1. Could you tell me how many of the residues in region 93-144 are among the β-branched types (Val, Ile, Thr) and crowded, with 22+ Cβ neighbours inside 10 Å?
2. Taking VAL145 and the conditions (1) touching a Leu at 6+ places or on another chain (Cβ under 8 Å); (2) within 14 Å of the ligand (Cβ to nearest atom); (3) not in a helix (DSSP H, G or I), which numbered condition does it fall short on, given that it satisfies the others?
3. Consider ASN174 carefully, then state whether it is of a type outside the set (D, E, K, R), closer than 16 Å to GLU131 by Cβ and at pLDDT below 95.
4. Give me the pairs, please: first residue somewhere in region 207-225 and on the phi > 0 side of the Ramachandran plot, second residue anywhere and within 12 Å of the ligand (Cβ to nearest atom) and acidic (Asp, Glu), beta-carbon distance under 9 Å, and either six or more positions apart or on two chains.
5. Examine region 148-168 for a residue that is buried (at least 18 other Cβ atoms within 10 Å of the Cβ) and under 19 Å from LEU100 (Cα atoms), and state whether such a residue exists.
6. Where in region 151-242 are the strands (runs of 3 or more DSSP E), entirely inside, with at least 1 residues that are away from the ligand (no atom under 16 Å from the Cβ) and of a type outside the set (Phe, Trp, Tyr)?
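The values are calculated or read from the model by the stated rules, or taken from the named source; none is laboratory data. What you see is a predicted model, and the numbers here were worked out from it, not measured in a lab. Every residue, glycine as well, gets a Cβ built from its backbone with ideal geometry; the counts of neighbours run over all protein chains shown.
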Amino acid sequence: MLAAGETDPYELLQFYLDAGADEAIGDEAIDRMQLAEVMAFVQPGAQEQAGQGKPPLPSLGNLAAAPVNPNAPVGTLEAMGDARALAEGAQTLEELKAALDGFKGMSLKRTATQMVFADGNPKARVMLVGEAPGADEDRLGRPFVGVSGQLLDKMFAAIDLSREETIYISNVINWRPPGNRSPSDAEIALSLPFIRRHIELVNPAVVVFVGGVAAKALLETTQGITRLRGKWTDYTSAGLEKPVPALCMFHPAYLLRSPGQKGLAWQDLLRLKKKLQEMGEVYN
Ligand code: URA
């Protein structure tokens, strides 16, 4: 029985459903200040500048490599410090997976079903890096197993590459962002040490960044995927013996929405095939 003036909870729920809020993403409110804290941590001086307006966003590259700000909130310092130390300490893929599993600084863990680490052949010479798991990946614990993953498999099968033998796949982010929202800059910054180490440990002949989020984060650029795709560039990181040729491609989810761009994706696949042949990688 409702008292006068009280709202019927069922009516309220129906109101949310009608408004499109049909997914519960967690019991706790999201701490929107977390991003500002990460910025303050990785960009010394940001807090002082905050008094003069919004601090400028540093590039993603700066986020991963910038020196520690001793004035940053304790939790943030620990999260970034932990991410770097855990990732750098991993000497094998198993250790990296365990390090990610034990990493406490990623709030996405609380809403995701499970971690999505990688799929395919870890000895493959081609490594693909996507953005973040979606609902299917979250359910099955493997990257690119939903509709866009099926397109990805078909695209690579067209140049005789498969996750069973010749490709290895991971994502920048290892847990599904709730409701499939885009990962935040803070989440990307906290994930970068892990995906960088992941690439170092696989040490592929060629790396393919699938979609703009992966391309921008790992190449430390603000350029969009339309400009980045189709060109070879060197991917470097401290633990790699030498730079790895990197190719950026459209994300299959984008190709599903914009099938007119499939021709460009096909050109990129042919570029990849040619490069592998030139490099003398075992190839049909
Ligand atoms: N999109 C991605 O970027 N990665 C996945 O694993 C699935 C969809």
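1. Of the residues in region 93-144, 3 are among the β-branched types (Val, Ile, Thr) and crowded, with 22+ Cβ neighbours inside 10 Å.
2. (1)
3. Spelling it out, it is not the case that ASN174 is of a type outside the set (D, E, K, R), closer than 16 Å to GLU131 by Cβ and at pLDDT below 95.
4. Close Cβ pairs satisfying both conditions: GLY211/GLU131.
5. Yes, region 148-168 contains a residue that is buried (at least 18 other Cβ atoms within 10 Å of the Cβ) and under 19 Å from LEU100 (Cα atoms).
6. 206-210, 232-235
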